Every structure is written in structure tokens, then in C-alpha cells.
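**Student:** Quick one: the structure is below, questions incoming.
The values are calculated or read from the model by the stated rules, or taken from the named source; none is laboratory data. Owing to the predicted nature of the structure, the values given are computational and were not obtained by experimental measurement. Neighbour counts are summed over all protein chains in view; Cβ atoms, including those assigned to glycine, are modelled from backbone coordinates with ideal geometry. Just so you know, the surface numbers come from the protein's heavy atoms only, side chains and all, with ligands and any DNA or RNA stripped out. Shrake-Rupley method; radii C 1.70, N 1.55, O 1.52, S 1.80 Å.
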Amino acid sequence: MGKRQPVDAVVFDVGRVLYHWDLRLLFEKMTDDPARLEKVLGEVVTEEWHFLHDAGRELSDLVLERIALFPEYTAEIRAYASRFNETIPGPVDGTHALVERLDTRGVPLFAITNFAAAFWAGFRPQHAIFDRFKDIVVSGVERIAKPDPAIFALSADRFGHAPEAMLFIDDNPDNIASAEKCGWQVHHFTDAESLESDLAGRGLI
């Protein structure tokens with residue numbers, strides 16, 4: 001196996017790498033009926049539908065369209081729009097410490113996140129960890145979402161480093177595969193311990 005190219009910058013995903021995310025956490029507060037909860041998560045406010053917002057669709061349009069399709073679930077659909085932060089319970093164990101260690105070592109930090117623009121505006125100011133990042137590309141702002149190769153091209157241009165000199169960390173295998181095809185070094189995130197081992201092996205921490 002050939003020697004890996006040195007990494008000049010580390011690029012994190014946000015959801016399920018830096019912060020837990022689970023739509024269930026919001027909707028289980030709204031019903032004691034297991035069948036209704038599964039209907040909401042499986043058909044009404046699904047991750048697939050949410051992805052449309054991540055990719056740049058206007059929240060108000062999505063909500064009205066969904067209410068028209070599922071009027072009996074109006075309360076849950078509106079809660080998704082107004083209480084989204086309740087789906088993000090807190091940091092993923094161990095990853096914030098790794099961000100801090102990388103930053104202390106002077107490693108340039110960036111992020112690429114599939115995150116709706118309106119939701120990002122309500123989430124970002126509450127979390128000082130992002131102050132350590134030099135730039136963050138947000139899908140909802142750019143109206144391009146991972147795994148579209150265009151978001152990796154845009155990010156490389158914005159971050160000012162060659163793709164092959166950056167390590168991209170994401171939990172989603174489709175995003176990892178796309179980044180790798182675009183020439184990035186990659187780490188498929190499963191837990192902080194494995195990531196720590198990879199970063200140490202690269203001499204980054």
C-alpha cells in the first residue's frame with residue numbers, strides 16, 4: 001500500500017458526526033400512540049422529505065404541501081418547522097474533543113453539512129464549537145446537498161485546499177463515496193475512537 005498524502009485540512013460533517021440527530025425525539029413527545037408515531041416517521045415527516053429542505057426547498061412551501069397531503073398530521077408537520085432543534089439532543093461522544101485537539105494543533109478545520117438554511121440559522125449561534133471552523137458549507141444555503149459532487153467542488157474552492165490534501169469525515173456511505181470519487185481523502189465515521197485512531201495515524205493529533 002502506498003504512503004498516504006499528508007492532510008492539510010480536516011472537513012467534518014455535522015449531523016451524526018458532531019451532533020446526534022433523530023426526528024423521533026421530537027414526535028415521541030407529541031403522542032402516546034405507537035402506531036401514530038411510526039406513521040409520522042415512516043410516511044409524513046420522513047428523513048427523505050426533510051432532505052428536500054436540506055437541498056434548498058423553502059420550508060413554508062414544504063410544510064403547506066405536506067399538510068395538504070396529511071391534514072390529520074398538521075400538528076406534527078408544524079412542530080417539525082418550529083421545534084427542529086428538539087431533534088438534536090446533543091454532541092456525539094468524543095468528537096468535540098477531537099475538534100479541539102485538531103484546532104490546538106493548528107490544523108485548519110472546515111465543515112460540509114446537509115442542513116436547511118432556516119434550521120442552521122436557529123442552531124449555529126447556540127454552539128461555540130463552530131467558532132473553531134474557518135468555513136462551513138451549508139447545503140440549504142447553497143441549494144446543493146451531499147452526495148452531489150457539486151458541493152464538494154464548491155467546498156474545495158471555498159476552503160482553498162486541494163481535495164486530495166483534505167480529509168472528509170462523514171457517517172453517510174453515499175457521501176463518503178462521492179467525496180472519494182472527487183479526489184478527497186475520507187473517513188467513514190462510526191465512532192470517535194476509530195476517528196481518533198485514524199487522525200493519530202495521519203499525524204494530525
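**Student:** Looking at segment 32-51, which of its residues are surrounded by fewer than 16 Cβ atoms within 10 Å (Cβ to Cβ) and without any contact (Cβ under 8 Å) to a residue 24 or more places away in the chain?
**Tutor:** Keep residues of segment 32-51 that are surrounded by fewer than 16 Cβ atoms within 10 Å (Cβ to Cβ), which gives 32-35, 38, 42-43, 46-48, 51.
Correct list: ASP32, ASP33, PRO34, ALA35, GLU38, GLY42, THR46, GLU48.
**Student:** Would you kindly identify the helices (runs of 4 or more DSSP H) lying entirely within segment 127-205 that contain at least 1 residues that are under 19 Å from PHE51 (Cβ atoms) and touching a Gly at 6+ places or on another chain (Cβ under 6 Å)? Spell out the reasoning first.
**Tutor:** Numbers: elements: 139-142, 149-159, 173-181, 192-201.
Result: 139-142.
**Student:** Applying the selection to segment 39-67, what residues are in a helix (DSSP H, G or I) and of a type in the set (Gly, Ala, Ser)? Quick ask: steps written out before the conclusion?
**Tutor:** First, pick out the residues of segment 39-67 that are in a helix (DSSP H, G or I): 39-44, 47-54, 59-67.
Residues satisfying the conditions are GLY42, SER60.
**Student:** Still on this model: Scanning for something more than 16 Å from THR87 (Cβ to Cβ) and either at pLDDT 95 or above or more than 17 Å from the chain's Cα centre (by Cα) (or both), does segment 16-28 turn up at least one residue? Lay out the reasoning, then the answer.
**Tutor:** The first filter runs over segment 16-28 and keeps only residues more than 16 Å from THR87 (Cβ to Cβ), leaving none.
For segment 16-28, residues more than 16 Å from THR87 (Cβ to Cβ) and either at pLDDT 95 or above or more than 17 Å from the chain's Cα centre (by Cα) (or both): absent.
Residue by residue, here is whether (1) open to solvent by less than 60 Å² (accessible area, probe 1.4 Å); (2) of a type in the set (Asp, Glu); (3) touching a strand residue (DSSP E or B) at 6+ places or on another chain (Cβ under 7 Å); (4) farther than 19 Å from LEU98 by Cβ holds:
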residue: HIS127; (1), (2), (3), (4): yes, no, no, no
residue: ARG143; (1), (2), (3), (4): no, no, no, yes
residue: ILE151; (1), (2), (3), (4): yes, no, yes, yes
residue: ALA162; (1), (2), (3), (4): yes, no, no, yes
residue: PHE168; (1), (2), (3), (4): yes, no, yes, no
residue: ASP174; (1), (2), (3), (4): no, yes, no, yes
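**Student:** Out of the residues in segment 54-75 that are of a type in the set (D, E, K, R) and within 26 Å of LYS146 (Cβ to Cβ), state the one that is nearest to the chain's Cα centre (by Cα). Quick ask: steps written out before the conclusion?
**Tutor:** Taking segment 54-75 and keeping what is of a type in the set (D, E, K, R), we get 54, 57-58, 61, 65-66, 72.
Within this subset, residues satisfying the condition of being within 26 Å of LYS146 (Cβ to Cβ) are 54, 57-58, 61, 65-66.
Values: ASP54: 10, ARG57: 17, GLU58: 18, ASP61: 22, GLU65: 25, ARG66: 23 Å.
Looking at residues that are of a type in the set (D, E, K, R) and within 26 Å of LYS146 (Cβ to Cβ), I get ASP54.
**Student:** Right, another one. Kindly establish whether VAL40 is within 27 Å of ASP148 (Cα to Cα), out of contact with any Cys (no Cβ under 7 Å at 6 or more places or on another chain) and β-branched (Val, Ile, Thr).
**Tutor:** Numbers: within 27 Å of ASP148 (Cα to Cα): no; out of contact with any Cys (no Cβ under 7 Å at 6 or more places or on another chain): yes; β-branched (Val, Ile, Thr): yes.
No, not satisfied.
**Student:** If I filter segment 187-205 down to residues being among the hydrophobic types (A, V, I, L, M, F, W, C) and over 15 Å from the mean Cα position of the chain (by Cα), which single residue comes out as surrounded by the fewest Cβ atoms within 10 Å (Cβ to Cβ)? Give the steps one after another, and end with the answer.
**Tutor:** Here is the first cut: in segment 187-205, the ones among the hydrophobic types (A, V, I, L, M, F, W, C) are 189, 192, 195, 199-200, 204-205.
Those still in the list that are over 15 Å from the mean Cα position of the chain (by Cα) too: 192, 195, 199-200, 204-205.
Values: ALA192: 18, LEU195: 23, LEU199: 22, ALA200: 12, LEU204: 18, ILE205: 18.
Among them, the one singled out is ALA200.
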